[in-house]
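Scroll down for the structure; my scribbles are underneath it.
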Amino acid sequence: MPEPIKEISDSRAALALLAAHPEWSEELHSSTPFTRAEMTRALAGAEADDEAGLKRRLRHLRARVLLRVMARDLSGLAALEEVCEAMSDLAELSIAAALAHLKCEDMVVVGMGKLGGRE
């Protein structure tokens, strides 16, 4: 497993995630942003998960996205727009997955900040 970048190694939360999931270390060294398409692929099939499986899938995706965004941001590879877009995409897709799982796709969710604001 490659060593985490210095800025990440100062984060106890990031180190705990990496200790529990060493396979996620590649997120720290990715040369590309975490795209909406990648998030969508990670959530594919979530509607068939039981509640515990959906929660686990959403937690894992959130952790992976945060690790990559944090690493890219702290190393100067990500512009503010990339960080905001990734977090907005994560929020939107997580809510859509939860609504699909509950079979409530026609429900309207109104949010501010990261959700929909792309800020």
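The values are calculated or read from the model by the stated rules, or taken from the named source; none is laboratory data. The shown structure was predicted, so the numbers you read here are calculated from the model rather than taken from an experiment. Here the Cβ is made from the backbone with ideal geometry for all residues, glycine too, and neighbour counts use every protein chain on show. Each accessible area value is taken on the protein alone, full model and side chains, heavy atoms only, with ligands, DNA and RNA left out. Shrake-Rupley method; radii C 1.70, N 1.55, O 1.52, S 1.80 Å.
Tabulated values for the structure
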item: Residues that are more than 17 Å from S30 (Cα to Cα) and open to solvent by less than 40 Å² (accessible area, probe 1.4 Å), drawn from region 71-86; result: C84
item: Residue that is most open to solvent (accessible area, probe 1.4 Å), among those in region 14-41 that are closer than 14 Å to V69 by Cα and assigned to a loop (DSSP other than H, G, I, E, B); result: S31
item: Selection status of R68, within 28 Å of G111 (Cβ to Cβ), among the basic types (K, R), open to solvent by less than 60 Å² (accessible area, probe 1.4 Å) and part of a helix (DSSP H, G or I); result: yes
item: A100 of a type in the set (G, A, S), farther than 22 Å from R12 by Cα and out of contact with any Asp or Glu (no Cβ under 6 Å at 6 or more places or on another chain); result: no
item: Criterion (of a type in the set (A, V, I, L, M, F, W, C) and out of contact with any Lys or Arg (no Cβ under 7 Å at 6 or more places or on another chain)) met by exactly one of L66, L43; result: L66
item: Test: residue in region 2-12 that is part of a helix (DSSP H, G or I) and closer than 23 Å to L93 by Cβ; result: no
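Every residue, every condition in (1) over 16 Å from T40 (Cα atoms); (2) at pLDDT 90 or above; (3) not in a helix (DSSP H, G or I), yes or no:
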site	(1), (2), (3)
R56	no, yes, no
R59	no, yes, no
A63	no, yes, no
R72	yes, no, no
G76	yes, no, yes
E82	yes, yes, no
A86	no, yes, no
L90	no, yes, no
L93	no, yes, no
